[in-house]
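Right, one structure below, let's go through it.
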Amino acid sequence: MRIRISEDEKSFLTESAFLLKEMGKLEEAKNTFKGLIALFPESDLPYVGYAEVLMAERKLNEAELFLKETLEKFSYSELVNFHLGEISLLKGDVEKAREFFEKKIYKNLKGAAQDYLKFIENLNKK
């Protein structure tokens, strides 16, 4: 028996998982993201959400390893690359973070990736 889920239901489930994370219900969020990964293996968003929970738990090494494995499946994913850059920055590896943020996929990206690059530039000026 195959479960059929509409795009609206998929969005609702995904948003619910992110809300659980934001509410600090990390174990529930992690389990929800695991379920979403099983239901939607073609989408990078549940993988990123799971990694965000690991980051919230301060499990940076585990999150980094998980995202590197995820990157093998979703090499094009701006979200996966962005979060790997963010983890590198949190771990103090500024040059590695720069590599992730400067990838070609970010050349036209505005927002957080550009903000991080500016932050890294300012660090280098000090």
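Here are the numbers for the structure shown:
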read-out: The stretch 66-99, residues that are of a type outside the set (D, E, K, R) and more than 12 Å from the chain's Cα centre (by Cα); value: Ser75, Tyr76, Ser88, Leu89, Leu90, Gly92, Val94, Ala97
read-out: Checking His83 against (1) over 26 Å from Phe101 (Cα atoms); (2) outside any loop (DSSP other than H, G, I, E, B), the condition it does not meet; value: (1)
read-out: Some residue of the stretch 42-50 being without any contact (Cβ under 8 Å) to a residue 24 or more places away in the chain, surrounded by fewer than 12 Cβ atoms within 10 Å (Cβ to Cβ), outside the structural domain of Lys91 (by TED's automatic domain parsing) and not polar (S, T, N, Q); value: yes
read-out: Residue in the stretch 97-104 that is at pLDDT below 90 and in contact with a Ser or Thr (Cβ under 6 Å, 6 or more places away or on another chain) present; value: yes
read-out: Failed criterion for Arg58 (all others in (1) of a type in the set (Lys, Arg); (2) at pLDDT 95 or above; (3) in contact with a helix residue (DSSP H, G or I) (Cβ under 8 Å, 6 or more places away or on another chain) hold); value: (3)
read-out: Among the residues listed as Phe18, Phe12, the single one being touching a residue at least 24 places away in the same chain (Cβ under 8 Å), of a type in the set (A, V, I, L, M, F, W, C) and more than 19 Å from Leu90 (Cβ to Cβ); value: Phe18
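The values are calculated or read from the model by the stated rules, or taken from the named source; none is laboratory data. Every value quoted in this text rests on a predicted model; they were computed, and no experiment measured them. Neighbour counts are summed over all protein chains in view; Cβ atoms, including those assigned to glycine, are modelled from backbone coordinates with ideal geometry.
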